Amino acid sequence: MNPTPLLPISANISPQGCLSIGNHDLELLAKQYGTPLYLYDAATIRHQVETLRGLLKQAYPGECLVAYAAKAYFSEGFSRKLAALGLGVDVVSLGELELARRGGFSPGAIHLHGNNKSEAELSTALEIKAQAIVVDSLDELYFLETLAARHNQKARIWLRVTPTVQGHTHAHIDTSGGNSKFGLHIANGQGAAAIRYARASAWLDLVGLHTHLGSQLFEPGTYRQAIHQLYQLAQSENFQPQEFSPGGGWGVRYTAADPDDQYEVWVEAVCGTVIEECSRLGWPLPRLVLEPGRSLVGRAGVALYRVGAQKTTPSGLQIVAVDGGLADNPRHALYQARYTALAVRQPNPAGAAASPARLVGKFCESGDVLIPEVLLPPLERGDLIAVPVAGAYQLSMASNYNLAPRPAVLWLEEGGVELLQKREVPYETGWWMLPE
Ligand SMILES: Cc1ncc(COP(=O)(O)O)c(C=O)c1O
């Protein structure tokens, strides 16, 4: 039985009472690949993709695409797995673009995002004929027009528009506020100006409108308001978008206290509002593109660490230090993200056996805390700790702080393990790099 719905769907308790994923012995994997170790459960990712697609099919009579936001986590191996599922992909850099192509995404499945794309990024997207370049500012619109003329090739674009809605999430991942650095704000007329300019340009082919409101959002009303504002803008300019994307951002549960994260609520809000707006205006339904990152891969990921030093502070706080932390997962330090953790050899300690502890990392920052308070059984040096919902915005934001090597990443199928990303090894200068 899966000890918690926060773990991947293939998580189970082995006959020896230990946590397993996809029927794999986690102790064996940790011994073979070292810790920290990141695991992705293939079954959970497929389940998320199929659930989302199934719901879209029921709720939206027009054409739809689910495009994975590569910033959540990407590597060449992971790109290959996701391309094979027939997803589109949202990339924000030459690195992500290159890995998307190596993984097998066709140019027609790639959208280029970013608030400050370089000339190289824009030129590459033009050259490969990316599905859409998502223009973020008037400045970028003019620059792209010049590049398109130089390449003698019309740029296929969406405009990223910023409505004024309240994102109900941490300020660092809210992208819809009045001072957001992202997008063409509706409130100061830049959204409207960009539509007019793009439609008049011989080098810009404006096909869609886009917005992305933030991440870890659970309120369907935020999406409803934003879509309404985008369609009001489109109506004011009499511009019928052929393609429409309300971005990603749907939240996932990291702890039992987090709100329900069912895709039904998101899909109903997005599809229902686009359909309502189009029927109000008498416009055909656009091709709808959703761009989830976190909600497709977050729950599929598990981070494994080994327990090292333990101590008690004068106030009685129990501290358990593990062999990773801030360098592989900066989310708590960045925005107080919450997590839970389990001991692999005793995932369900009986009530009295568990006591509160602070799970910290090994890095030289007091902010290197993974979980301020979590119930754990008595632990020994070398015990394995599993942190669920580790699949998004951890490794993609990882660093080599204190010259820590980035961990290995495995793709787990029932009965098969694939190394997606090798653990970094020391180089003679003292820096860390990938092994040959
Ligand atoms: C344009 C865009 N689309 C999609 C996403 C994915 O967001 P999430 O991982 O929260 O679904 C992001 C995240 O920052 C984004 O900037």
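Values as computed for the structure displayed
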item: Sole residue being touching a His at 6+ places or on another chain (Cβ under 7 Å) and under 30 Å from Y335 (Cα atoms), chosen from V134, V89, V165; result: V134
item: Spans of strands (runs of 3 or more DSSP E) in the stretch 205-323 with at least 2 residues open to solvent by 10 Å² or more (accessible area, probe 1.4 Å) and of a type in the set (A, V, I, L, M, F, W, C); result: 318-322
item: Condition broken by V297, with the remaining ones in (1) within 16 Å of the ligand (Cβ to nearest atom); (2) free of Cβ contacts under 8 Å to residues at least 24 places away in the same chain satisfied; result: (2)
item: Residues satisfying the stated conditions in the stretch 213-229, i.e. touching a Ser or Thr at 6+ places or on another chain (Cβ under 6 Å) and within 16 Å of the ligand (Cβ to nearest atom); result: L213, G214, Q216, L217, A226, I227
item: Filter pass, V344 being more than 22 Å from N12 (Cβ to Cβ), open to solvent by less than 30 Å² (accessible area, probe 1.4 Å), touching a residue at least 60 places away in the same chain (Cβ under 8 Å) and not acidic (D, E); result: no
item: Which listed residue is in contact with a helix residue (DSSP H, G or I) (Cβ under 6 Å, 6 or more places away or on another chain), within 16 Å of the ligand (Cβ to nearest atom) and modelled with pLDDT under 95, from H172, H168; result: H172
item: Lone qualifier among L317, L288 - being aliphatic (A, V, I, L, M) and more than 28 Å from W158 (Cα to Cα); result: L317
item: Scan of the stretch 111-130 for residues that are more than 16 Å from the chain's Cα centre (by Cα) and open to solvent by less than 20 Å² (accessible area, probe 1.4 Å), ordered by number; result: K117, L122, S123, A125, L126, A130
item: Any hit, the stretch 258-268, residues being within 16 Å of the ligand (Cβ to nearest atom) and free of Cβ contacts under 8 Å to residues at least 12 places away in the same chain; result: yes
item: Any hit, the stretch 139-154, residues being of a type in the set (G, A, S), over 30 Å from R253 (Cβ atoms) and modelled with pLDDT of 95 or more; result: yes
item: Test: residue in the stretch 33-48 that is surrounded by fewer than 17 Cβ atoms within 10 Å (Cβ to Cβ) and either more than 24 Å from S396 (Cα to Cα) or among the basic types (K, R) (or both); result: yes
item: Residues being open to solvent by 10 Å² or more (accessible area, probe 1.4 Å) and in contact with a Cys (Cβ under 8 Å, 6 or more places away or on another chain) - total across the stretch 1-32; result: 2
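Residue-wise test of (1) closer than 25 Å to P405 by Cβ; (2) acidic (D, E); (3) open to solvent by 40 Å² or more (accessible area, probe 1.4 Å); (4) not in a loop (DSSP other than H, G, I, E, B).
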{"residue": "A357", "(1), (2), (3), (4)": "no, no, no, yes"}
{"residue": "E365", "(1), (2), (3), (4)": "yes, yes, yes, no"}
{"residue": "P372", "(1), (2), (3), (4)": "no, no, yes, yes"}
{"residue": "L379", "(1), (2), (3), (4)": "yes, no, no, no"}
{"residue": "G382", "(1), (2), (3), (4)": "yes, no, no, no"}
{"residue": "I385", "(1), (2), (3), (4)": "yes, no, no, yes"}
{"residue": "G391", "(1), (2), (3), (4)": "yes, no, no, no"}
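The values are calculated or read from the model by the stated rules, or taken from the named source; none is laboratory data. Just so it is clear, the model here is predicted, and its values are computed rather than measured. Please note: Cβ atoms are built from the backbone with ideal geometry, for glycine as well, and neighbour counts cover all protein chains shown. Protein only, heavy atoms only, side chains kept; ligands, DNA and RNA dropped before computing areas. Shrake-Rupley method; radii C 1.70, N 1.55, O 1.52, S 1.80 Å.
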